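Just below is one structure, and these are the notes that go with it.
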Amino acid sequence: MKQIKFIICLVLSIAMLHSCIEEDKFGFSSFKAITAFQLPMQDGTTTINAEELLIEIPIGEGVNLENIVPSNIEISNLATISPLPSEPQDFTNPVLYTVTAEDNTTAIWTVTVVSTLPNPQLPNSNFDLWYAVGDYQQPGESEDTTVWGTANRALAIAGDANTNPEDLGNGDFAVNLTSVAAPLLVRMAAATLFTGKFTDGFPNPADPRSNIDFGTPFSGKPNAFRLDYTYIPGESYEDEDGNVIPGSDQCDIYVLLEKREGDVIERIGTGWFRSDTQVDTFTNLEVDIIYGELDSSLPQFEYANIRDDEVWGNAEDTPTHITVVFSSSALGDFFTGAIGSELRINNFELVY
């Protein structure tokens with residue numbers, strides 16, 4: 001994930017303003033919502049119907065739903081939940097969870113597993129749906145349901161968003177990602193679109209990834225991914241200090257399939273495309289996904305290898321998460337790239 005450090009720092013101020021204090025009030029709190037619910041093997045985003053107190057979780061056919069401990073449950077501030085999140089449940093049938101507010105009022109939520117197709121796709125992977133956030137737009141139907149994140153909200157504080165919809169006509173939209181001059185602190189800001197979201201809390205300044213929750217639940221095993229794209233590198237390829245350096249800016253497009261258990265992230269599969277070639281018209285690209293450890297002889301080994309917080313997993317295992325990333329400047333998190341580099345993507349699809 002190519003995400004620049006200044007974006008993370010700017011997002012901190014927003015995250016603090018939009019954290020849990022919005023539910024605080026005088027007296028005892030009456031809030032008793034379930035705001036997030038995930039199972040370790042689900043295939044997509046959870047649907048939460050707050051009005052009817054219903055939660056639907058997509059899971060592929062053939063998965064054993066007995067004795068499952070939820071991987072994540074989040075509830076209203078000052079509320080409690082029963083059964084406890086750490087208690088295993090049989091999700092073969094709907095499971096009831098009771099959330100008790102600070103004022104002792106209760107809400108009974110129903111959690112149901114729904115079957116998904118054998119070969120799942122990511123929602124809104126054609127990027128035709130966008131929702132408004134202030135003066136900019138984000139990919140997806142809404143903030144609550146989208147699996148896609150960008151750095152737009154940080155850039156919009158002091159400038160313009162650099163990941164935007166592009167209307168191709170007849171209801172078809174592409175994503176336009178453009179590296180821009182940074183409005184504050186550093187030279188440039190690479191445009192990035194990824195599966196995941198920014199999180200609350202203070203990031204580690206030495207690790208620009210520390211304030212982002214990458215990936216979305218997923219258990220498919222595609223052979224490849226394909227999409228339509230264009231790429232035009234910016235004219236002046238420069239390092240973080242603005243010095244012109246040899247070579248040209250590159251786009252990054254990649255898919256990581258991961259198995260997550262607790263704090264352990266095992267890399268199951270890797271599909272990675274990095275290129276500085278100028279592509280002026282939409283061109284179809286298909287990239288194979290390699291399962292298991294990458295061979296050092298592969299050209300992408302140097303930049304696609306596992307990171308310090310990952311280990312190699314068993315190629316035969318089923319993933320629990322998928323991370324998809326698109327970036328207009330491959331080395332953007334090192335502030336290296338070309339202002340004006342433009343990556344356009346459309347019709348992302350997993351190939352089985």
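Numbers at a glance
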quantity	calculated
Theoretical gain in end-to-end length, residue 311 to residue 334 [0.36 nm per residue, Cα-Cα removed]	5.9 nm
Mean residue ellipticity (222 nm) of the chain, computed from DSSP H runs ≥ 4 via -39,500 (n - 2.57), nearest 500	-1500 deg cm²/dmol
All aspartates and glutamates inside 17 Å of residue 259 as judged from Cα atoms, apart from same-chain residues fewer than 8 positions distant	43, 213, 293, 308, 309, 310, 316, 317
Potential lengthening between residue 235 and residue 49 on full extension [0.36 nm per residue; Cα-Cα distance subtracted]	62.1 nm
Distance between modelled label sites at residue 303 and residue 186, nm, 7 Å Cα→Cβ extension	1.6 nm
Label zone at residue 74 (point 7 Å along Cα-to-Cβ), backbone N below 11 Å, the range 211-241	213
In degrees, nearest ten, helix 5-17 long axis to first principal axis of the chain (Cα)	30 degrees
Radius of gyration and maximum dimension Dmax of the range 220-270, Cα, Å	17.1, 44
Alpha-carbon centroid distance for the pair the range 136-163 / the range 53-85, whole angstrom	28 Å
The range 290-352: GluC sites (Glu not before Pro) in DSSP loop, at most 11 other beta carbons within 10 Å	316
Where only alpha carbons of the chain are counted, the Rg and the Dmax (Å)	20.9, 65
Per residue Cα convex hull volume in Å³ - calculated over the range 17-169	140 Å³
Pair residue 112, residue 160: separation of 7 Å Cα→Cβ label points (nm)	4.6 nm
Separation of the residue 105 and residue 141 label points, Cα + 7 Å toward Cβ, nm	2.8 nm
Calculated from backbone phi, Karplus (6.51, -1.76, 1.60) coupling profile of the range 219-233 in Hz, x at Gly/Pro	10, x, 10, x, 8, 6, 10, 9, 6, 9, 8, 10, 8, 10, x
Most fluctuating residue given options 260, 307, 274, as computed from a GNM of the chain linking Cα atoms under 10 Å	307
Volume of the Cα convex hull of the range 250-297, divided per residue and given in Å³	111 Å³
Residues with amide H under 5 Å from that of residue 75, placed H, sequence gap 5 or more	35
Rounded to the nearest 10 Å², the accessible area of residue 221 at probe 1.4 Å	70 Å²
Segment residue 245-residue 318, extension gain: residue separation times 0.36 nm, minus the distance between their alpha carbons	22.1 nm
In order through the range 108-119: 3J(HN,Hα) via Karplus (6.51 cos²θ - 1.76 cosθ + 1.60), integer Hz, x for Gly, Pro	9, 9, 10, 10, 10, 8, 10, 6, 10, 5, x, 10
Choice from 29, 296, 327 with maximal GNM fluctuation in the chain (Cα, 10 Å cutoff)	296
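The values are calculated or read from the model by the stated rules, or taken from the named source; none is laboratory data. Keep in mind that what you see is a predicted model, and the values were worked out from it rather than measured. FYI the Cβ positions are ideal-geometry reconstructions off the backbone, even for glycines, and counts take in every protein chain you see. Heads up: the accessible areas ignore ligands, DNA and RNA and are worked out on the full protein's heavy atoms, side chains in. Shrake-Rupley method; radii C 1.70, N 1.55, O 1.52, S 1.80 Å.
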